[in-house]
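The values are calculated or read from the model by the stated rules, or taken from the named source; none is laboratory data. In this text the structure is predicted, and so the values were computed from the model without any measurement. Counting neighbours? That spans all protein chains shown, and the Cβs are built from the backbone with ideal geometry, glycine included.
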Amino acid sequence: MCGIVGAVAQRDVADILVEGLRRLEYRGYDSAGVAVIAADNSIQRVRRLGKVQELADALTQSPVSGGTGIAHTRWATHGAPSENNAHPHVSCETIAVVHNGIIENHEELREQLISKGYEFTSETDTEVIAHLVHLELKNSDTLLQAVQKTVQQLEGAYGTVVMDCRDKERVVVARSGSPLVIGYGLGENFIASDMMALLPVTRKFSFLEEGDVAEVTRFDVTILDKNGLKVEREAKESEVSHDAGDKGEFRHYMLKETYEQPTAIRNTLEGRILGNTLSNDSFGQGADDIFKDIEHVQIIACGTSYHSGMVARYWLEEHANVSCNVEIASEFRYRKSHVPNNALLVTISQSGETADTLAALRLAKDLGYRASLTICNVPGSSLVRESDLAFMTKAGAEIGVASTKAFTTQLTGLLMLTLALGQHKGMSDDDSSAMIKSIMALPNKLEEVLALAESIEALAEDFADKHHALFLGRGDQYPIAMEGALKLKEISYIHAEAYAAGELKHGPLALIDAEMPVIVVAPQNDLIEKLKSNVEEVRARGGLMYVFADEDANFTSDDTMKVINIPHCDHIVAPIVYTLPLQLLSYYVAIIKGTDVDQPRNLAKSVTVE
């Protein structure tokens with residue numbers, strides 16, 4: 001959530017800043033702004049409520065020019081979305097600041113600053129940073145020193161960029177809990193909260209660590225660690241294509257990314273399974289030595305990633321003979337927990353910067369886990385850098401807020417983790433070979449499911465006037481039902497809930513009537529007859545069902561039930577296969593509802609605040 005872009009260059013940077021913001025729109029935001037130091041050493045600032053295009057149109061009407069500037073897309077935390085609350089924030093017409101995160105002691109700091117004569121023009125926590133820097137500059141030799149003194153007073157999370165119009169050759173950046181990346185050019189340097197923003201102007205990046213403060217000029221980048229000591233942060237060339245953000249022939253990023261899933265999973269598998277063997281380095285150096293000791297797995301994640309962890313619990317306990325617990329990161333952080341012997345902590349995150357998950361990892365390091373593993377899509381992200389082991393999903397850039405290919409590649413990685421641990425826990429060669437065969441068949445199986453899109457689009461018409469929905473699944477399909485409900489509510493704004501189908505009689509049956517569509521996932525597995533009994537419970541109470549069923553499961557459409565037959569697949573990969581029709585259903589329902597599919601209201605792609 002929120003996006004930061006900054007530049008120090010000889011050329012005008014306004015267009016670079018705005019293009020950078022466009023490339024961060026997927027993160028979610030409600031307003032946008034830019035500030036540039038002009039030739040006369042004044043700050044030229046333009047802010048607009050709404051989309052980046054509103055800001056771009058305003059800059060067309062009132063252009064700004066200068067080689068040093070900062071820009072921001074805001075996702076409201078303190079203060080409603082408004083132009084006054086939009087970043088950048090300014091102090092005394094000289095200091096300009098953009099900031100991601102939350103300053104938890106902002107009220108106390110605000111009172112102190114007001115007592116010293118500073119006037120606030122916004123409701124945000126960010127404005128205190130601008131005034132604090134201005135105050136500290138009175139007793140500092142440089143902007144760098146003033147920012148160092150300022151961040152020592154801040155409690156909470158921040159990724160911030162500060163510039164002083166009286167010193168237009170540099171900006172100062174600071175990172176604590178909210179990611180920042182430095183982009184290196186020729187005679188110009190850049191800052192962003194996500195390297196995606198800078199790919200049109202550079203491919204060389206370094207990532208700031210926790211507590212880093214850096215001074216960025218056209219020719220130099222000086223980084224100081226949390227102890228104030230000068231450090232080097234390795235600069236690496238990015239392999240990500242800046243064209244990854246193009247929708248191509250698709251109407252929305254979400255649809256494009258849904259159709260990319262067969263290719264994304266092929267990329268996940270590439271070089272990792274050779275014949276009937278899982279590559280030893282799939283999870284990082286030393287993984288084999290760690291895995292042979294593991295007796296328990298603790299999974300920590302949020303949102304969609306949490307659902308992938310819930311599926312993995314079924315896999316790990318059934319096939320790897322390893323106990324597993326799954327917990328929402330924000331809950332794990334604030335309770336006392338018992339750590340079993342030889343436990344592996346697994347974090348799951350698309351961005352690798354999810355604030356609660358990252359904080360949980362840092363907490364867990366002091367709790368006695370044998371090792372930590374992250375399953376992540378972004379190389380160089382905080383979770384990857386701070387974990388002992390890392391499995392990169394290689395899904396490619398995911399722009400749509402509602403996760404699609406990131407989820408299925410996470411599941412693929414977790415299935416490979418199950419295989420890796422299982423091979424250390426006595427899994428037979430026959431079972432291992434069968435699992436590998438099912439995994440390798442996944443991309444082709446997903447392509448078969450995508451061929452059903454037209455039928456699912458027709459099904460979605462029934463949801464045009466609906467306001468509520470129930471999703472049902474059993475066993476490892478229960479988390480898939482939860483993911484289906486999440487997708488529908490995220491992008492169509494239909495209230496949706498998921499239940500383990502056996503729980504219907506314990507309350508949810510009271511909701512069943514002709515106005516409550518019930519969506520069922522029904523692969524051919526050991527629980528199919530139990531599930532059919534649950535379907536009959538709904539049918540007997542006048543419910544209308546939409547069943548995604550294995551073609552061999554013998555479900556038949558009638559007046560009370562519409563069936564979409566899904567190609568038969570091995571039960572172990574069924575959670576991945578049955579994810580796709582639910583993604584397509586939610587997409588087509590959202591189209592009918594007329595919502596913003598890629599950027600649903602109130603949501604953000606990368607949640608970097610608690």
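Screening the range 313-401 for strands (runs of 3 or more DSSP E) wholly inside it with 1 or more residues that are farther than 30 Å from Glu237 by Cα and of a type in the set (Gly, Ala, Ser) returns the ranges 323-328, 343-349.
Yes or no, residue by residue, for (1) free of Cβ contacts under 8 Å to residues at least 40 places away in the same chain; (2) farther than 20 Å from Ile16 by Cβ; (3) in contact with a Phe, Trp or Tyr (Cβ under 8 Å, 6 or more places away or on another chain):
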site: Gly159; (1), (2), (3): no, no, no
site: Ser176; (1), (2), (3): no, yes, yes
site: Gly183; (1), (2), (3): yes, no, yes
site: Glu188; (1), (2), (3): no, no, no
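Looking only at the range 535-542, decide whether some residue is in the same structural domain as Thr404 (by the TED database), surrounded by 18 or more Cβ atoms within 10 Å (Cβ to Cβ), on the phi < 0 side of the Ramachandran plot and in contact with a His (Cβ under 7 Å, 6 or more places away or on another chain). No, the range 535-542 has no match at all. Looking at this structure, is Glu127 closer than 23 Å to Ser42 by Cα, touching a strand residue (DSSP E or B) at 6+ places or on another chain (Cβ under 7 Å), surrounded by fewer than 21 Cβ atoms within 10 Å (Cβ to Cβ) and of a type outside the set (Val, Ile, Thr)? The answer is no for Glu127. Filtered by the rule that a residue be farther than 18 Å from Leu585 by Cβ, touching a Lys or Arg at 6+ places or on another chain (Cβ under 9 Å) and hydrophobic (A, V, I, L, M, F, W, C), the range 511-559 gives Ile512, Leu527, Ile528, Leu531, Ala553.
With respect to Gly101, determine if the residue is closer than 18 Å to Ile191 by Cα and of a type outside the set (Val, Ile, Thr). Working first, answer last.
Numbers: closer than 18 Å to Ile191 by Cα: yes; of a type outside the set (Val, Ile, Thr): yes.
In short, yes.
Just the residues that are in contact with a helix residue (DSSP H, G or I) (Cβ under 9 Å, 6 or more places away or on another chain), surrounded by 24 or more Cβ atoms within 10 Å (Cβ to Cβ) and not in a strand (DSSP E or B), please, taken from the range 87-99.
Across the range 87-99, the qualifying residue is only Pro88.
Here Tyr118 passes the criteria (1) under 22 Å from Ala7 (Cα atoms); (2) part of a loop (DSSP other than H, G, I, E, B); (3) in contact with a helix residue (DSSP H, G or I) (Cβ under 8 Å, 6 or more places away or on another chain) except the one numbered (1).
Selection of the range 255-280 for residues being without any contact (Cβ under 8 Å) to a residue 24 or more places away in the chain and touching a helix residue (DSSP H, G or I) at 6+ places or on another chain (Cβ under 7 Å) yields only Asn280.
Take the conditions over 22 Å from Asp12 (Cβ atoms), touching a strand residue (DSSP E or B) at 6+ places or on another chain (Cβ under 7 Å) and in contact (Cβ under 8 Å) with a residue 40 or more places away in the chain and apply them to Ser82. Does it pass? So Ser82 fits the description; yes. Taken as a whole, the condition of being of a type in the set (S, T, N, Q), over 26 Å from Ala301 (Cβ atoms) and touching a Gly at 6+ places or on another chain (Cβ under 9 Å) does not apply to Asn554.
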